[in-house]
Amino acid sequence: MSQPGAGDSAQPGLPGHLPGQAITGELPEQVITSVLAAAVAAPSMHNTQPWRFQVLRPEQIIEVRADPARGLPQGDPHGRAVHIACGAALFNMRLAAAVAGREPVVKLLPDHGQPLLLATMHLAGPYRPRDAERELHEAITRRHTNRRPFSGHPVPPGVRAELAEAARLEGAILHFPGREEVLRLLELVQDCERDLSADPAYRAELAQWAGGARDREGIPDSALGPRSPDGPTPVRDFTPGRRGQHDYEWFEETPQLAVLSVSYGGPADWLRAGQALQRVLLTATSRGISASPLTQPLETADAWLVRDPRSAIEQPQMILRMGYGLPVPATPRRPVADVLEDH
């Protein structure tokens, strides 16, 4: 599987590529199943799972398509989160193809006449997966968003460097703000969440996707996370209308944050950000680190305030709270059959 720039296309001669060999015939069913099972395990805003997949069997291509019925008009009016989610699913697909012994060749936004067609992945010739790819693939089913308290143990510098390198490999930048910047970002998150929650349409959208018992999509009560008894909570309040009905737990005194950015903002950049995000999250999972997103400022006109003060050009795409936490259960997923469109 390719390295920098592979989110756009994989090139022969990269590590794992086996030159001079070709595969003919239709895609094996077990390869399709493993690739799509990995895809649907990707994270998405409010666990909306805003993707559909079409398999072109004779061409040995899998298409990644946005599902407009699963967009978030209030929280994601421009579709940025949809693209990030589909980018994360695409990264899982690349890993699954590589582990299945097929070289993933990716094209982003291959047909501007089809705006819902976000990417294609051609399962090309034979491929020898590397140990690092196997490790990340194994982490796919263990990666879960963790909105519970973390320990105060810091993520070691060596692991931070690994996570930053994971983002760089996908064309993104991962910053770890210092304490004062963390406090500023947390205050910004709280201010934006307060403003968002004042909108009845926003609260209605949250209620559609979060809370209660859920077995296919959305965020069930078991994954919402508790509230802090002594101050702002460093996780989103998905049920702002249920005051007094929350569980309460003590969170870490100073959360550890990371900000994922790309150089430009646009659909292709959002897809690259999604692939970078998933590589970072899977690398974190493989190192025993939990993560949860804080995207409230990125859902408002104040998104620019998330930018690293030292940079004038980076476009922030995700704020991650990271640390060491206890295991949490998985959130539900739709079965592959529900998101598959056979050609």
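Using the heavy atoms of the protein chains and a 1.4 angstrom probe, tell me the accessible area per residue for the chain in square angstrom.
Here the per-residue accessible area is 43 Å².
On average over all directions, what projected area in square nanometres does the stretch 133-245 have, based on the convex hull of its Cα atoms? It would help to have the intermediate numbers written out before the result.
On the way: hull surface 38.8 nm².
One quarter of the hull surface, i.e. the mean projection, equals 9.7 nm².
Which percentage, to the nearest 5, of the DSSP beta bridges contained in the chain is antiparallel? It would help to have the intermediate numbers written out before the result.
Working: 32 of 37 bridges.
Roughly 85 percent of the beta bridges in the chain run antiparallel, per DSSP.
Residues with beta-carbon under 10 Å from that of R52, excluding R52: net charge, scoring Lys, Arg +1 and Asp, Glu -1? Please report the intermediate quantities before stating the final value.
Numbers: positive: R65, R70; negative: E63, D67, D338, E341.
Taking every other residue near R52 into account, the sum is -2.
State the percentage of accessible surface on the chain attributable to carbon and sulfur atoms; use a 1.4 Å probe and exclude ligands, DNA and RNA.
Values: 8020 of 14580 Å².
Carbon and sulfur together cover 55 percent of it.
In whole Hz, what ³J(HN,Hα) sequence does the stretch 207-221 give by Karplus (6.51, -1.76, 1.60; θ = phi - 60°), x for Gly and Pro?
Values, residue by residue: 4, 5, 10, 9, x, x, 9, 9, 10, 9, 6, x, 10, x, 3 Hz.
Would you kindly derive the ³J(HN,Hα) couplings of the stretch 84-101 from the backbone phi angles with the Karplus curve 6.51 cos²θ - 1.76 cosθ + 1.60 (θ = phi - 60°), listing them in order in whole Hz, with x for Gly and Pro?
Using θ = phi - 60°, the values come out as 5, 4, 5, x, 5, 4, 5, 4, 4, 4, 4, 5, 5, 5, 4, 5, 7, x Hz.
As an exercise, identify the trypsin sites (Lys or Arg not before Pro) in the stretch 88-179 lying in DSSP coil whose Cβ has no more than 15 other Cβ atoms within 10 Å. Don't jump to the answer; show the numbers that get you there.
Numbers: sites: R94, R102, K107, R130, R134, R142, R143, R147, R160, R168, R179; in loops: R130, R143, R147.
For trypsin sites (Lys or Arg not before Pro) across the stretch 88-179 that sit outside H, G, I, E and B with at most 15 neighbouring Cβ atoms in 10 Å, the list reads R130.
Which option, (1) 69, 49, 44; (2) 77, 39, 38; (3) 63, 40, 37, is the value of Cα extents along the principal axes in Å that was calculated from these coordinates?
Label (3) holds the value from this structure.
What is the set of long-range amide H partners of Q256 at a cut-off below 5 Å, with H atoms built 1.01 Å from backbone N?
So Q256 has HN proximity to M322.
If exposed means no more than 13 neighbouring beta carbons inside 10 Å and the site is in a DSSP loop, what's the longest run of the chain without any exposed chymotrypsin sites (Phe, Trp or Tyr not before Pro)? The partial results should precede the final answer.
Numbers: sites that count: W250, Y264.
That gives 1-249 as the longest site-free run.
Set the Förster distance to 41 Å, then compute FRET efficiency between E59 and Q208 from the Cβ-Cβ distance, nearest 0.05.
Working: r = 37 Å, r/R0 = 0.90.
Here the calculated transfer efficiency is 0.65.
The values are calculated or read from the model by the stated rules, or taken from the named source; none is laboratory data. Predicted model, so just to flag it, every value in this text is computed and none were measured. As a convention, Cβ positions derive from the backbone with ideal geometry for all residues, glycine included, and neighbour counts pool all protein chains shown. Heavy atoms of the whole protein, side chains included, go into the accessibility calculation; ligands, DNA and RNA do not. Shrake-Rupley method; radii C 1.70, N 1.55, O 1.52, S 1.80 Å.
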